[in-house]
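The values are calculated or read from the model by the stated rules, or taken from the named source; none is laboratory data. If you're wondering where the values come from, they're calculated on a predicted model, not measured in any experiment. Positions of Cβ are backbone-derived with ideal geometry, glycine not excepted, and every protein chain shown enters the neighbour counts. Just so you know, the surface numbers come from the protein's heavy atoms only, side chains and all, with ligands and any DNA or RNA stripped out. Shrake-Rupley method; radii C 1.70, N 1.55, O 1.52, S 1.80 Å.
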Amino acid sequence: QVQLVESGGGAVQAGGSLRLSCAASGNIRSINVMGWYRQAPGKQRDLVATITNRGTINYADSVKGRFTISRDNAKNTVYLQMNSLNPEDTAVYYCNADVIRIPGTSLFDYWGQGTQVTVSS
């Protein structure tokens, strides 16, 4: 099986920064897209940012210029550097990965358990 373990959430004041990490482990042949999504109370889960194994990046408009996604393919880890945080960024942040497992060639979608980010004004 495959596990995604997130870390780095917490509470911060508006204007502050946090860095999230998500490490994938298990029977992994390769990982195509890794990304971050977030879900605020009473709202749907929304895309924050994604990055392919070749480094192609996509951001939600609401985080462009403030958040930076990166990944270390050798470590199967994706990061999210969040700067200039504001209260609207408060949510549970989930890591996502599209994984090709060993054995086989099929693609599977995995989610982390989520990490809380709280931004106070």
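Of everything in segment 28-38 that is open to solvent by less than 60 Å² (accessible area, probe 1.4 Å) and more than 10 Å from CYS95 (Cα to Cα), the residue that is nearest to the chain's Cα centre (by Cα) is VAL33. Look at (1) of a type in the set (D, E, K, R); (2) over 15 Å from GLY10 (Cα atoms); (3) not in a loop (DSSP other than H, G, I, E, B) and you find that ARG54 fails only one, number (3).
A search for C-beta distances below 6 Å between a residue of segment 41-58 that is acidic (Asp, Glu) and any residue that is open to solvent by 90 Å² or more (accessible area, probe 1.4 Å), counting only pairs 6+ apart in sequence or on different chains, returns nothing. The single condition among (1) over 15 Å from GLY9 (Cβ atoms); (2) within 17 Å of the chain's Cα centre (by Cα); (3) surrounded by 12 or more Cβ atoms within 10 Å (Cβ to Cβ) that GLY114 does not meet is (1).
The residue of segment 82-111 that is most open to solvent (accessible area, probe 1.4 Å), among those that are closer than 20 Å to ARG54 by Cβ and in contact with a Ser or Thr (Cβ under 9 Å, 6 or more places away or on another chain), is ILE100. Looking at this structure, is ARG66 surrounded by fewer than 18 Cβ atoms within 10 Å (Cβ to Cβ) and more than 11 Å from VAL117 (Cβ to Cβ)? For ARG66, the condition - surrounded by fewer than 18 Cβ atoms within 10 Å (Cβ to Cβ) and more than 11 Å from VAL117 (Cβ to Cβ) - is met.
Rundown of residues vs (1) of a type in the set (Lys, Arg); (2) touching a Phe, Trp or Tyr at 6+ places or on another chain (Cβ under 6 Å); (3) surrounded by 20 or more Cβ atoms within 10 Å (Cβ to Cβ); (4) under 15 Å from TYR110 (Cα atoms), yes/no style:
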| position | (1), (2), (3), (4) |
| --- | --- |
| LEU4 | no, yes, yes, yes |
| GLN13 | no, no, no, no |
| GLY26 | no, no, no, yes |
| LYS43 | yes, no, no, no |
| ALA49 | no, yes, yes, no |
| ILE57 | no, no, no, no |
| ALA60 | no, no, no, no |
| VAL78 | no, no, yes, yes |
